[in-house]
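Read the structure below first, then the notes.
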Amino acid sequence: LSRLKDDHDFHYKLVGPAGNFPGLSELVRSYGLDERVSISGFVSLEEFERLIAETDIAINLRERPVGATSGSLCRIMAAGVPAIVSNGGAFSELPDHAVVKIDYGEHSEPLLEAYLRRLIEDKTLRKRIGKNARDHVLSHHRIETSAERYADFLRRIIARRPRKHFIQTIAGELSALSVGGANSDELFRSVASEVALLVPDSETTGTAEVSAQPPDAFHD
């Protein structure tokens, strides 16, 4: 940002408690960015959404992604705001035309500077990426769709419980007969599983198994 301040007009706001950014105030002062950078402190969801609506470019970098889907990024994309993200974890799975991705490493800073320059200077590009981002979120992250997938996943797990109980019952009965000698739990489970394969699902579940995909993400 310090390399951009002389030839670009911008204000960078970090949203969140100041305690999340130790030493930031000193860093801002050392680069002469006091007038260009501010920290919001904790904000309500309504205020966060208002700030997103005022944003031209969002920066959502993660040095060590933990695999979860970012709730903040979903809201940013849904608002049609172009975002610069780390190319890692769940972020790497996003379409290249819907976000700007940066690999974490020795070239990340010059890449960030270059992408910021381009986005600041090219309003048409910002709008195009923002539209692609919004379209992606509306297609893949609608709350109704996510809720339906969770419900289907739970139905699938529940439908499998009687079959699991059936296998455990057979294994228990084999164990009671002392078949296989000592330390034969693995054998009992194997035999029980083979027997279960001969029995249709409808005989052990009482219902048709629901075809479903497990939920693929949690929102932070």
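The values are calculated or read from the model by the stated rules, or taken from the named source; none is laboratory data. Keep in mind the model is a prediction, meaning the values are calculated, not measured. Reconstructed Cβ throughout: ideal geometry from the backbone, glycine too, with neighbour counts over all protein chains shown. All accessible areas refer to the heavy atoms of the entire protein, side chains included, with ligands and DNA or RNA removed. Shrake-Rupley method; radii C 1.70, N 1.55, O 1.52, S 1.80 Å.
Taking 0.36 nm per intervening residue step and subtracting the Cα-Cα distance, what contour gain separates Leu27 from Glu148 on full extension?
Details: separation 121, 0.36 × 121 = 43.56 nm, distance 4.59 nm.
Here the answer is 39.0 nm.
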| note | For Lys127, the lysines lying under 24 Å Cα to Cα, once residues fewer than eight places off in the same chain are dropped, come out as Lys5, Lys13, Lys101
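Between Ser92 and Lys123, what FRET efficiency comes out of the Förster formula 1/(1 + (r/R0)^6) with R0 = 25 Å and r the beta carbon distance, rounded to 0.05?
Working: r = 27 Å, r/R0 = 1.08.
Efficiency, rounded to the nearest 0.05: 0.40.
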| field | Glu109-Glu186 FRET efficiency (beta carbon distance; Förster radius 45 Å; 0.05 resolution) | value | 0.25
| field | Full-extension gain in nm, Asp34 to Ala18, via 0.36 nm per residue minus C-alpha separation | value | 4.3 nm
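Which net charge results when you count Lys and Arg as +1 and Asp and Glu as -1 among the other residues whose beta-carbon is under 14 Å from that of Arg50?
Computed value for this residue: -2.
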| Between Ser2 and Asn60, how many nm apart are label points set 7 Å from Cα along the C-beta direction? | 2.9
| For region 137-146, what does the Karplus curve 6.51 cos²θ - 1.76 cosθ + 1.60, with θ = phi - 60°, yield as ³J(HN,Hα) per residue in whole Hz, taken in order and with x for Gly and Pro? | 5, 5, 7, 10, 10, 5, 4, 5, 5, 4
| note | For region 1-95, the accessible surface attributable to carbon and sulfur atoms (probe 1.4 angstrom, ligands and nucleic acids excluded) amounts in percent to 50
